[in-house]
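Worksheet: one structure, shown below.
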Amino acid sequence: MKKIVLFGLVCTMGVSTANAGWFGDLFKKSAEPQTLSEACNTDEITSICPEIALGQKTLTECLSENVKSLSKKCSKYVKKSIKENKELILENKDDAANAANDKVADVKSAIADKKAAAADAKKSLKNKKAEIKANAKAAGKELKGAATAVKTDAIETGKSVKEIVK
C-alpha cells in the first residue's frame with residue numbers, strides 16, 4: 001500500500017510541477033523542429049527523393065511533390081516551410097516588380113532627357129545655320145560693294161591714265 005501511495009504522490013508531483021521542471025520533461029510537448037534534419041529522417045528523404053543524389057531535382061521540389069508520403073513530423077515541417085517560402089516569394093516578387101517599375105521610370109526619364117537634349121541641339125543647329133547664312137549673305141553684299149568700288153576705282157584710274165598719256 002505504501003508503494004501505491006508513494007507512486008501516486010510522485011505522479012501527482014510530476015503533473016503539478018510540470019512547469020517547475022521536476023518531471024516536466026515527461027509532460028512537456030516537444031518543440032517544433034527548426035531544421036529539415038530535425039524534422040525528417042535522412043533515410044526517409046533518400047528513399048522518397050532518390051533523384052536528388054542524381055541532381056535531377058531540388059530537395060524542395062521533391063519534398064513538396066511527395067509531402068503525403070512523408071512522416072507526420074516531416075510533412076508538417078515541409079508544409080510550414082512551403083507556406084513561409086510562398087510568402088517570402090510573394091514579398092520578393094512585389095519588391096522585384098517595384099524595382100522593375102522604378103527602372104522603367106528611370107529609363108523613360110532618361111529617354112525624355114535625351115529627346116529634349118536632341119531637340120535643343122537641333123534648334124541650336126538650325127539657329128547656327130540661319131546665322132551662318134545671314135553672315136554669308138552680308139559678306140556677299142560686302143564683297144559685291146568692294147568689287148564695285150574696285151571697278152569704279154579702276155575705271156577712274158584708267159581715265160586718269162588716258163588723260164596723262166594724251
Quick shape check on the stretch 31-165: root eigenvalues a ≥ b ≥ c of the Cα gyration tensor, a/c under 1.5 is rounded, otherwise prolate if a/b tops b/c, else oblate, and it reads prolate
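What is the stretch 31-165's relative contact order, in percent, from Cα pairs under 8 angstrom and six or more apart in sequence? Each step should come with its number before you reach the end.
Working: 35 pairs, mean separation 20.2, N = 135.
Here the relative contact order equals 15 percent.
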Phi angles of the stretch 61-77, converted by Karplus (6.51 cos²θ - 1.76 cosθ + 1.60, θ = phi - 60°) into ³J(HN,Hα) in whole Hz with x for Gly and Pro, give 4, 4, 5, 5, 6, 10, 4, 6, 8, 7, 5, 4, 4, 5, 4, 4, 5
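A short reminder: the numbers here are calculations on the coordinates, not readings from a lab. All values reported here derive from a predicted model rather than from experimental measurement.
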